[in-house]
Amino acid sequence: MLFACSCGKNKSTASTAFYYWKTNFKLGAGQAALIKQVGTNKIYLRFFDVNWNKDRHHAYPNAVVQFNDNLAGLNITPVIYITNGTFESMPDTAVDNLAVNCNKLLGSLVGEQHVNYNSVQVDCDWTLTTRQRYFNFLLAFKKLNRHQLQATIRLHQVKFKERTGVPPVDKGVLMFYNMGKLNANLRQPNSIYNDADAEKYVPYVTSYPLKLDVALPLFWWAIHIREGKVIQVYGKIGHEQLDNRDDFEKIAGTDNYRARHSFFLAGIYIKQNDIFKLEETTAAGLNTAAKQLVKYLSQQLNRTIIYYELANINLSEYQAETIRQVSDRF
């Protein structure tokens with residue numbers, strides 16, 4: 001008994017999964033190897049988006065996934081992303097019809113690919129004004145689909161749950177990233193993850209009334225700044241492009257770069273003296289995030305840790321062992 005009591009933390013029962021958000025589903029050799037090395041076959045696959053057509057005044061599916069790879073051996077959870085603008089614009093009477101159409105399209109896609117799934121995840125950053133329509137959609141969809149229903153939860157929706165409400169679903173997925181504000185201040189902390197901004201929210205996680213899986217970031221973006229203003233954010237510009245000394249010079253701050261001349265990069269016009277502020281989550285940052293969050297999560301067996309995202313992962317930065325270590329913290 002003395003030995004048993006001194007063993008420390010119980011072995012983690014958490015499992016690892018990855019989001020896949022690209023429109024064309026095709027795993028590269030490195031991605032397939034990473035899944036195997038991490039010891040998981042779980043992929044949360046975005047099947048389609050739902051946007052609002054302002055001219056025709058109706059919701060429509062966008063960026064429907066195209067399958068260019070075999071799904072055999074993979075445990076797929078379909079994800080539907082719905083813009084908050086869709087619920088802002090649609091009348092109350094259209095909500096049930098949206099649930100019918102989403103379930104019909106999802107059924108068609110999983111049927112074509114012979115996908116057997118246990119859960120569906122809906123991703124929407126709802127607000128006070130869209131809360132009722134979104135929650136009504138979830139209720140209607142649940143009645144039609146009859147699988148476990150999950151919803152993504154942002155940190156502000158955890159902190160202010162009395163105002164934003166708790167979605168009527170079986171499980172939430174806490175998105176532990178995108179917690180700061182995008183801005184042109186080159187010394188502002190990383191907006192994808194930084195512990196100071198996170199600490200404003202994480203104490204409220206303890207009392208959230210849903211079971212929670214966790215989503216963690218494996219991505220970067222470059223904030224494009226011109227004349228002191230943010231003009232765009234790009235996920236396809238990273239160290240490989242910005243470390244080119246013919247085009248950019250490094251300036252004050254952690255990962256800030258100034259364009260040496262005007263030119264086009266991947267179809268993007270860059271003007272001389274434009275600044276790019278590169279933000280990313282490193283392996284060390286992931287471990288810090290996990291350590292900070294786990295203190296406030298309630299005990300839960302078989303929690304899933306989902307990493308965003310597999311389609312554009314930097315395989316040189318994120319090794320299988322790093323990801324296993326982070327998941328094991330939960």
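The values are calculated or read from the model by the stated rules, or taken from the named source; none is laboratory data. Computed from a prediction, not measured in an experiment: that's the story for all the values here. Cβ placement follows ideal geometry from the backbone for every residue including glycine, while neighbour counts extend to all protein chains displayed. Side chains are part of the model used for accessible areas, which takes the heavy atoms of the whole protein and leaves out ligands, DNA and RNA. Shrake-Rupley method; radii C 1.70, N 1.55, O 1.52, S 1.80 Å.
Residue by residue through segment 6-28, note down the ones that are open to solvent by 60 Å² or more (accessible area, probe 1.4 Å), at pLDDT 95 or above and among the small types (Gly, Ala, Ser).
Correct list: empty.
Would you mention how many residues in segment 246-260 are assigned to a loop (DSSP other than H, G, I, E, B), surrounded by 15 or more Cβ atoms within 10 Å (Cβ to Cβ) and in contact with a Lys or Arg (Cβ under 8 Å, 6 or more places away or on another chain)?
Residues of segment 246-260 that are assigned to a loop (DSSP other than H, G, I, E, B), as a first pass: 246-247, 252-255, 260.
From the residues that got through so far, the ones that are surrounded by 15 or more Cβ atoms within 10 Å (Cβ to Cβ) too are 247, 255, 260.
Then drop every residue that is not in contact with a Lys or Arg (Cβ under 8 Å, 6 or more places away or on another chain), which leaves 247, 255.
Count: 2.
Looking only at helices (runs of 4 or more DSSP H) that fall completely inside segment 92-176, which ones have 3 or more residues that are open to solvent by less than 40 Å² (accessible area, probe 1.4 Å) and among the aromatic types (Phe, Trp, Tyr)?
Values: elements: 95-113, 131-145, 155-159, 161-164.
Correct list: 131-145.
Looking at (1) more than 19 Å from the chain's Cα centre (by Cα); (2) within 21 Å of Phe137 (Cα to Cα); (3) part of a helix (DSSP H, G or I), can you tell me which one Trp52 breaks?
Among (1) more than 19 Å from the chain's Cα centre (by Cα); (2) within 21 Å of Phe137 (Cα to Cα); (3) part of a helix (DSSP H, G or I), the lone unmet condition for Trp52 is (3).
Looking at (1) at pLDDT 95 or above; (2) basic (Lys, Arg); (3) farther than 23 Å from Asp328 by Cα, can you tell me which one Lys181 breaks?
Condition not satisfied by Lys181: (1).
Does Leu310 fit the bill of being surrounded by 19 or more Cβ atoms within 10 Å (Cβ to Cβ), modelled with pLDDT of 95 or more and assigned to a strand (DSSP E or B)? Spell out how you get there, then give the answer.
Numbers: surrounded by 19 or more Cβ atoms within 10 Å (Cβ to Cβ): yes; modelled with pLDDT of 95 or more: yes; assigned to a strand (DSSP E or B): no.
In short, no.
For segment 274-291, what are the residues that are open to solvent by 20 Å² or more (accessible area, probe 1.4 Å) and farther than 20 Å from Lys236 by Cα?
Residues satisfying the conditions are Ala284, Asn287, Thr288, Lys291.
So for segment 186-199 (the condition being open to solvent by less than 40 Å² (accessible area, probe 1.4 Å), closer than 17 Å to Trp126 by Cα and among the β-branched types (Val, Ile, Thr)), does at least one residue qualify?
Scanning segment 186-199, I find no residue that is open to solvent by less than 40 Å² (accessible area, probe 1.4 Å), closer than 17 Å to Trp126 by Cα and among the β-branched types (Val, Ile, Thr), so the answer is no.
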